[in-house]
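Right, one structure below, let's go through it.
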Amino acid sequence: MSTAEETGMRVRIVYESTFGNTATIVKTVAAARAEAPVKVDVGMREWLDSTLPVPPGSRAAAFCTKTAIPSWFAGSAARGVGKRLRRLGYELTDAPADFLVNGPLGPVAAGELERARVWADRLAHRELDRDAHRS
């Protein structure tokens, strides 16, 4: 199996975390991709404002944390970020993902860290498959 460096795949995670819940998910996603070169930045709004021009073929994924109860109450910041990424010229690698927390202060809901690991693995495998088919 080739490594991310051999295929040229790079991972950058840009996030904002008011209460620390999103930072917990970021650490889990980054750890799941330990063999890939991962860069983590804080400041989603600033990064989005400074990300032009987007090179052709650039791909991105969006996720957020939101309260589990009541599920209808909180919207999805990930969907908004996903729309913005598409407008900037990115192709989304997957539908925006919501990871649940038990209230605004957390903690991350049971099972969500494992779901984040699985999500990160799925994204990485899609990209590795995509790179393999381009060769």
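The values are calculated or read from the model by the stated rules, or taken from the named source; none is laboratory data. Being a predicted model, the structure only gives us computed values, none of them experimental. Cβ placement follows ideal geometry from the backbone for every residue including glycine, while neighbour counts extend to all protein chains displayed. Each accessible area value is taken on the protein alone, full model and side chains, heavy atoms only, with ligands, DNA and RNA left out. Shrake-Rupley method; radii C 1.70, N 1.55, O 1.52, S 1.80 Å.
Structure values in brief
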{"read-out": "Coil-residue GluC sites (Glu not before Pro) of segment 33-135, DSSP, other Cβ within 10 Å capped at 11", "value": "GLU35"}
{"read-out": "Whole-number accessible area per residue in Å² for segment 48-119, which is evaluated in the context of all protein chains at 1.4 Å", "value": "57 Å²"}
{"read-out": "Solvent-accessible area of LYS66 with every protein chain in place, 1.4 Å probe, in Å² to the nearest 10", "value": "30 Å²"}
{"read-out": "Among ILE13, ILE25, ILE69, residue whose mean-square fluctuation peaks in a GNM of the chain (springs only between Cα atoms under 10 Å)", "value": "ILE69"}
{"read-out": "DSSP bridge orientation in the chain - percent antiparallel, rounded to nearest 5", "value": "10 percent"}
{"read-out": "Contact order normalised by residue count of the chain, Cα under 8 Å, 6+ apart, percent", "value": "27 percent"}
{"read-out": "Among ARG45, ARG117, ARG59: highest mean-square fluctuation, GNM of the chain, C-alpha pairs under 10 Å", "value": "ARG45"}
{"read-out": "Extension reserve of the SER17-THR93 stretch, reckoned as 0.36 nm per residue once the Cα distance is removed", "value": "25.1 nm"}
{"read-out": "Cα gyration tensor, segment 92-135 - rounded (a/c under 1.5), prolate or oblate", "value": "prolate"}
{"read-out": "The chain: most fluctuating residue of PRO55, PRO104, PRO96 per GNM, C-alpha cutoff 10 Å", "value": "PRO55"}
{"read-out": "Accessible surface of the chain [probe 1.4 Å, protein heavy atoms]: carbon and sulfur percent", "value": "56 percent"}
{"read-out": "Segment HIS133-VAL54, extension gain: residue separation times 0.36 nm, minus the distance between their alpha carbons", "value": "26.2 nm"}
{"read-out": "Where chymotrypsin sites (Phe, Trp or Tyr not before Pro) in DSSP loops with at most 15 other Cβ within 10 Å are excluded, longest remaining stretch of the chain", "value": "74-135"}
